[in-house]
Amino acid sequence: MILNTHVHGDHTGGNPFFGETGSIIAQDNVRTRLLNQPQFPAAGLPKLTYKQQLQLHINGDSIRVVHLPQGHTNGDSVVLFQSANVVHVGDHFFNGAFPYIDINNGGSVSGFINNLRSLLSTLPQDVLTIPRHGPMGDLEDLQRAVETIEVTRSIIRSGIAGQLNDDQIAEQLTDYSRWGQGFIGIARWISIIRADQQAFPSSS
Ligand SMILES: [Zn+2]
């Protein structure tokens, strides 16, 4: 069984190979988006899709797969290994780095934050958290990631409201420069927040 946590190529690129012999599982919107890529091989399409949540019973564990709406994309899954007490957060968690939020594929910054806030409210204190980018983490790492997104979004939004340019906004984010050392640098993070605000002008 292969589970695609969302549609991006670095998560679905192996589907045409694995789909020949295995079952590919994904949230409904992943299949829809792959169908919209005419060159994507049919063998790589998810065979089992779900809308809100799915329960798997394998390896002696009970694995809950839950849809995170309109966050990183509109088809993300979070995977909770309930006996092992481990959660795979997919691309909703870049441990120690700014995340990519794909507005063109149905994502939004507010949705991303809301998804993580509601996930955090349900997780046990001693859970281990697997990011899709960065080292394995714990609950505090995930909390720190969402807090950093919230704080830096608010700094960037104040800068936009004050008509600052990107360089001026970046100067206000020097405390967070190490968060820009992943593949989303400070300039890209500012551009994501700008694009999000243009797409969703009234979001809080
Ligand atoms: Zn992704």
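The values are calculated or read from the model by the stated rules, or taken from the named source; none is laboratory data. What you are looking at is a predicted structure, and each value in this text was computed from that prediction instead of being measured. Glycine also receives a Cβ, built like all others from the backbone with ideal geometry; neighbour counts cover every protein chain displayed.
Looking at Ile193, Ile184, Ile103, Ile149, can you tell me which residue is touching a residue at least 40 places away in the same chain (Cβ under 8 Å), within 30 Å of Gln82 (Cα to Cα) and among the aliphatic types (A, V, I, L, M)?
Ile149
Please pick out the residue among Thr49, Thr32, Thr5 that is hydroxyl-bearing (Ser, Thr, Tyr), at pLDDT 95 or above and in a loop (DSSP other than H, G, I, E, B).
Result of the check over Thr49, Thr32, Thr5: Thr5.
Summed over the stretch 11-29, the residues that are more than 23 Å from His133 (Cβ to Cβ) and part of a helix (DSSP H, G or I) give a count of 2.
Just to verify a result, which residue in the stretch 82-132, among those that are within 16 Å of the ligand (Cβ to nearest atom) and assigned to a strand (DSSP E or B), is nearest to Leu173 (Cα to Cα)? Filtering the stretch 82-132 for residues that are within 16 Å of the ligand (Cβ to nearest atom) and assigned to a strand (DSSP E or B), the one nearest to Leu173 (Cα to Cα) comes out as Phe94. Being over 28 Å from Gln198 (Cβ atoms) and either within 14 Å of the chain's Cα centre (by Cα) or among the β-branched types (Val, Ile, Thr) (or both) holds for only one residue in Asn95, Asn105, and it is Asn95. Within the stretch 124-178, being among the hydroxyl-bearing types (Ser, Thr, Tyr) and surrounded by 12 or more Cβ atoms within 10 Å (Cβ to Cβ) holds for Thr129, Thr148, Thr152, Ser158, Tyr176. Against the conditions (1) modelled with pLDDT under 95; (2) crowded, with 20+ Cβ neighbours inside 10 Å; (3) not acidic (Asp, Glu), where does Asn115 fall short? Just the number, please. Going through (1) modelled with pLDDT under 95; (2) crowded, with 20+ Cβ neighbours inside 10 Å; (3) not acidic (Asp, Glu) one by one, Asn115 breaks only (1). Looking across the stretch 147-164, just one residue is of a type in the set (Gly, Ala, Ser) and under 14 Å from Ser110 (Cα atoms), and that is Ser154. The single condition from (1) surrounded by fewer than 19 Cβ atoms within 10 Å (Cβ to Cβ); (2) touching a helix residue (DSSP H, G or I) at 6+ places or on another chain (Cβ under 7 Å); (3) over 22 Å from Leu119 (Cβ atoms) that Asn15 fails is (1). The requirement of being buried (at least 17 other Cβ atoms within 10 Å of the Cβ), of a type in the set (Gly, Ala, Ser), in contact with a strand residue (DSSP E or B) (Cβ under 8 Å, 6 or more places away or on another chain) and within 21 Å of Gln53 (Cα to Cα) is not satisfied by Gly182. Does Ser154 satisfy the criteria of being part of a helix (DSSP H, G or I), touching a helix residue (DSSP H, G or I) at 6+ places or on another chain (Cβ under 9 Å) and either of a type in the set (Ser, Thr, Tyr) or free of Cβ contacts under 8 Å to residues at least 12 places away in the same chain (or both)? In short, no.
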